[in-house]
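Take a look at the structure below.
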Amino acid sequence: MSSKCGYVSVVGRPNAGKSSLLNWLVGEKIAMVSHKANATRKRSNIIVMNKDDQIVFVDTPGLHETEKLLNQFMLEEALKAIGDCDLILFLAPVTDKITHYESFLEKNTKNTKHILLLTKIDNVSNNEVLAKIKEYEDYSDKYEGIIPVSILKQTKQSDILDVVVQHLPVHPPLYDTEILTTEHMRDIFKEFIRESIFDNISDEIPYETDVLINKVEEKNDLDVIKATIIVQKSTQKGMIIGKGATAIKRIGKDARLKIEELTGRKCYLELFVSVKKGWTKNKQGLKELGYDVTF
Ligand SMILES: Nc1nc2c(ncn2[C@@H]2O[C@H](COP(=O)(O)OP(=O)(O)O)[C@@H](O)[C@H]2O)c(=O)[nH]1
Ligand SMILES: [Mg+2]
């Protein structure tokens with residue numbers, strides 16, 4: 001057996017396109033995606049088979065500077081992923097300044113091998129892509145390669161996967177070759193509900209909101225899910241519910257459709273809203289929601 005297998009961390013600034021890329025590579029919507037930055041809070045594994053080789057991608061929160069406690073937890077998650085993998089994919093939107101990459105190089109203290117992915121190239125001309133590649137060439141001794149990517153057009157999944165496996169060790173698959181993620185279903189449901197909150201509620205509120213899955217019950221042809229949306233101020237509760245409960249109905253419907261798409265089953269989703277005063281602002285509150293701040 002000479003098949004390959006390894007961990008590949010996907011890193012880059014918030015909004016670089018990390019979670020979208022992984023959903024596209026695995027061919028299923030598993031990770032939450034948002035046009036707003038800093039939606040992804042924890043690492044999660046997304047598993048892609050490329051012929052006999054197994055790639056365990058690790059989706060990460062964005063690399064960013066921050067004072068906020070929750071964001072510091074998120075940054076820590078990303079840094080752990082950088083230090084602990086066989087290969088890094090560093091994602092940089094093609095229009096980004098090269099400074100994001102320079103600051104990543106400083107954070108990559110173990111000099112883990114990495115490939116640069118220039119993302120969202122559908123936004124610019126070919127000449128602009130070429131000019132940006134030239135800029136990065138100053139660092140050509142640092143990276144293993146540069147791949148321009150658009151998940152909307154031009155790029156094929158194999159353009160990325162075939163290059164990635166070249167850099168993985170010979171190793172039998174670490175996970176069942178049929179599974180797409182090591183995440184528990186209830187954690188994926190939670191992320192879908194969070195994504196719907198990011199899509200439907202404006203301003204800072206999504207950043208101060210979390211979701212607890214209270215119950216998942218499989219009835220014959222139906223999943224019954226009960227979940228609580230946690231906010232940190234009572235005024236936010238009103239915003240999540242909305243006039244005549246319109247906002248929460250929209251959140252619930254959007255999340256339900258995503259859940260049904262993934263499971264292929266009907267879903268009945270019941271949402272509650274609860275206030276947990278200032279939960280993002282202290283370590284205890286964060287810990288209770290699964291963000292264990294250890295620094
Ligand atoms: N035009 C374009 N937009 C993209 C592409 N990939 C991702 N996006 C958008 O970029 C935004 C951020 O994506 P997301 O995957 O959440 O970024 P993350 O924060 O790095 O995980 C979303 O609005 C995506 O739809 C791409 O190839 N082309
Ligand atoms: Mg993300």
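Observations
- For the range 14-32, a tally of residues being surrounded by fewer than 20 Cβ atoms within 10 Å (Cβ to Cβ) and part of a loop (DSSP other than H, G, I, E, B) returns 4.
- Failed item in (1) assigned to a helix (DSSP H, G or I); (2) under 30 Å from THR263 (Cβ atoms); (3) more than 14 Å from ligand 1 (Cβ to nearest atom), with VAL48 passing the rest: (1)
- Highlighted here are the helices (runs of 4 or more DSSP H) found entirely within the range 100-207 that include at least 2 residues which are in the same structural domain as LYS276 (by TED's automatic domain parsing) and within 16 Å of ligand 1 (Cβ to nearest atom): 185-200.
- Answer from HIS167, HIS100 - the residue that is at pLDDT 95 or above and within 16 Å of ligand 2 (Cβ to nearest atom): HIS100
- Qualifying position, being open to solvent by 40 Å² or more (accessible area, probe 1.4 Å) and either within 20 Å of the chain's Cα centre (by Cα) or not assigned by TED's automatic domain parsing to the domain that holds MET32 (or both), among VAL224, VAL216, VAL211, VAL231: VAL216
- Filter result for PHE57 (more than 11 Å from ligand 1 (Cβ to nearest atom), closer than 17 Å to LEU116 by Cα, outside the structural domain of THR280 (by TED's automatic domain parsing) and of a type in the set (Phe, Trp, Tyr)): yes
- Test result for THR66, assigned to a loop (DSSP other than H, G, I, E, B), open to solvent by 10 Å² or more (accessible area, probe 1.4 Å) and in contact with a Ser or Thr (Cβ under 6 Å, 6 or more places away or on another chain): no
- One residue stands out among those in the range 95-118 that are open to solvent by 10 Å² or more (accessible area, probe 1.4 Å) and β-branched (Val, Ile, Thr): the one that is farthest from VAL170 (Cα to Cα), which is THR95.
- Complete set of residues in the range 191-205 that are small (Gly, Ala, Ser) and at pLDDT 95 or above: SER196
- On the stretch given as the range 1-13, residues that are assigned to a loop (DSSP other than H, G, I, E, B) and away from ligand 1 (no atom under 11 Å from the Cβ) total 3.
- Selected residue (criterion: nearest to ligand 1 (Cβ to nearest atom)) from residues of the range 75-99 that are part of a helix (DSSP H, G or I) and of a type in the set (D, E, K, R): GLU77
- Residue ID - nearest to ligand 2 (Cβ to nearest atom), chosen from residues in the range 40-57 that are closer than 24 Å to PRO206 by Cα and open to solvent by 10 Å² or more (accessible area, probe 1.4 Å): THR40
The values are calculated or read from the model by the stated rules, or taken from the named source; none is laboratory data. Since the model is a prediction, treat every value here as computed from it, not as a measurement. Reconstructed Cβ throughout: ideal geometry from the backbone, glycine too, with neighbour counts over all protein chains shown. Keep in mind that these areas ignore ligands, DNA and RNA; they rest on the heavy atoms of the full protein, side chains included. Shrake-Rupley method; radii C 1.70, N 1.55, O 1.52, S 1.80 Å.
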